Amino acid sequence: MIAFRIDRRSGVATYLQLVHQVRQALRLGALEPGDRLPTAREVVAAVAINPNTVLRAYRELEREGLVEPRPGQGTFVQRSLSRAAAGADSPLRAEAVVWVARARAAGLEREDVEALAEAVLDETFYVAPADRAATPAPAPGPTPSPERVVRRSPQSMEEDT
Amino acid sequence: MTDPTVPTALRATGLGRRFRSRWALRDCAFTVPAGKITALVGPNGAGKSTLFHLATGLLHPTTGELSVFGATPGSDEARARTAFLAQDKPLYPRFTVGDTLRFGRELNDDWDQAAAERIVRAGDIPFDTRIGTLSQGQATRVALAVAFGKRPELLLLDEPLADLDPLVRIEAMGLVMEEVAERGTTVVISSHILSELESVCDHVLLLKHGGVRLDGDVQRLCEDHVRFTGLADASTGDGLPAGLDRGTVVEATVTGRQLTAFVRGTAPTGDHWITETPSLEELLLAYLRSDDRPTEDTGRDGAAA
């Protein structure tokens, strides 16, 4: 089981906060295949959010193949996200530690390092959202953060159903 | 919103209510979708409480009409389907909690005693406690128990969370959301705490000076608006880019050389603008702050989108 928490000031859509927390729990092994997620009713009683938001989050997780609804029983974890390569004693982590230390030695502040890492991550993992073509003229200005982009797509899909 | 596939809980046409010479509500047209949570927002005196009183039949409209699931407010049919929790949570202070629930049972044919008792018990409130000795949070819980015992299809909550400490607020809102999750109850909730509404409501109805200023699905409204920041245009008097339709501007401020504008529609083209989709709180604040220029009436029902 997992207990959700909601940060109302984060600017991240509430349903995405739930999705992130489930993914995080899957990565850390706090949730394993076969575990049941709390029901919408249990979640909203604890964190006082709209039940539709919980259902939207669970649908998103289902779409990603992470969970599976079983009628009359609840929503169950399908697969884990924990990866040995991202573990605490993995070589990748050791390399990251060295890299961060070098960045710091070069005089970068924490925020500089974060911005740099984020820029590289955005470049490496950038996927054009499927529904971008549907929105008239992409918003000018800097590339929207992934958060904002994701925030749009599932919602607009949902409204069409 | 005018989505024909969503059934309507409340429908107002030409609705107006006058108190002596003052119009509390004037010429209001809106619909509240069934099965959704609607936030009713507006400054004090905007007509929110008047609207609740009209929806429950405690007041009658001066002009136009308001219907509750197609019925006249205050009729037997409408009353059986509606529960209203007024701002001051009127309970009899000398009744015990048990008496209060019994009173609810006797006044309502379709009373769910088990549900009401469960809500009271979950708050560890003894049934023999007098209402007058309850804390604010406990009184809210009992009032919600009475409202839910009615098994309403439409729950009207007028500032239910005012005067409650933050923990009790989350607890009370959690109770309401639990009821919605279980029974798909339609909720209209008024509140000044905009940040709390954001994670709760599907739909928003913003009243100002007795009129409807904004009405629609929360996500759609947020996506229909954009806030952009950049260098003010020195060639125009107001600092806004020359090509921008001034009718779409909700709010614009120039600070030094910087322009921040909030518009309904899309941001001006060019890569020198920082644009953002607003949160519900930002959207409501912009509309609450903005002057009531007549051009902005297009804000209704997404007509300008």
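The single residue among B:226, B:204 that is without any contact (Cβ under 8 Å) to a residue 60 or more places away in the chain and surrounded by 21 or more Cβ atoms within 10 Å (Cβ to Cβ) turns out to be B:226.
Taken across region B:132-144, residues that are in the same structural domain as residue B:63 (by TED's automatic domain parsing) and in contact with a Phe, Trp or Tyr (Cβ under 7 Å, 6 or more places away or on another chain) do not occur at all. Of the helices (runs of 4 or more DSSP H) that lie entirely inside region B:69-152, those containing 3 or more residues that are within 27 Å of residue B:191 (Cβ to Cβ) and either open to solvent by less than 60 Å² (accessible area, probe 1.4 Å) or touching a strand residue (DSSP E or B) at 6+ places or on another chain (Cβ under 6 Å) (or both) span B:97-107, B:113-122, B:136-149.
Here is a yes/no grid of residues against (1) more than 24 Å from residue B:171 (Cβ to Cβ); (2) open to solvent by less than 60 Å² (accessible area, probe 1.4 Å):
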{"site": "A:3", "(1), (2)": "no, no"}
{"site": "A:33", "(1), (2)": "yes, no"}
{"site": "A:46", "(1), (2)": "no, no"}
{"site": "A:55", "(1), (2)": "no, no"}
{"site": "A:71", "(1), (2)": "yes, no"}
{"site": "A:75", "(1), (2)": "yes, yes"}
{"site": "A:83", "(1), (2)": "yes, no"}
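Filter region B:173-193 for residues that are assigned to a helix (DSSP H, G or I) and facing chain A (nearest Cβ under 10 Å) and give the result. Spell out how you get there, then give the answer.
Pass one, region B:173-193, residues assigned to a helix (DSSP H, G or I): B:173-183.
Across region B:173-193, the qualifying residues are B:173, B:174, B:175, B:176, B:177, B:178, B:179, B:180, B:181, B:182.
Per-residue answers, yes or no, for (1) of a type in the set (A, V, I, L, M); (2) surrounded by fewer than 22 Cβ atoms within 10 Å (Cβ to Cβ); (3) at pLDDT 95 or above:
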site: B:21; (1), (2), (3): no, yes, no
site: B:35; (1), (2), (3): no, yes, no
site: B:38; (1), (2), (3): no, no, yes
site: B:42; (1), (2), (3): no, no, no
site: B:45; (1), (2), (3): no, yes, no
site: B:48; (1), (2), (3): no, no, no
site: B:54; (1), (2), (3): yes, no, yes
site: B:57; (1), (2), (3): no, yes, no
site: B:63; (1), (2), (3): no, yes, yes
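Among the candidates B:161, B:197, single out the residue that is among the aliphatic types (A, V, I, L, M), under 24 Å from residue A:49 (Cβ atoms), within 13 Å of chain A (Cβ to nearest Cβ) and in a loop (DSSP other than H, G, I, E, B).
Details: B:197 fails: in a loop (DSSP other than H, G, I, E, B).
Every option except B:161 fails the conditions.
Of the set (1) modelled with pLDDT under 85; (2) away from chain A (no Cβ under 14 Å); (3) closer than 20 Å to residue B:36 by Cβ, all apply to residue B:207 but (1). Contact map, region A:104-128: first residue surrounded by 10 or more Cβ atoms within 10 Å (Cβ to Cβ), second residue part of a loop (DSSP other than H, G, I, E, B), Cβ cut-off under 9 Å, separation 6 or more or different chains; pairs are A:116/A:108; A:118/A:145; A:122/A:143; A:122/A:145; A:126/A:143.
The values are calculated or read from the model by the stated rules, or taken from the named source; none is laboratory data. Small disclaimer: the values here were computed from a predicted structure and weren't measured. A quick note on method: Cβ atoms are made from the backbone with ideal geometry, for glycine too, and the neighbour counts reach across all protein chains shown. Heavy atoms of the whole protein, side chains included, go into the accessibility calculation; ligands, DNA and RNA do not. Shrake-Rupley method; radii C 1.70, N 1.55, O 1.52, S 1.80 Å.
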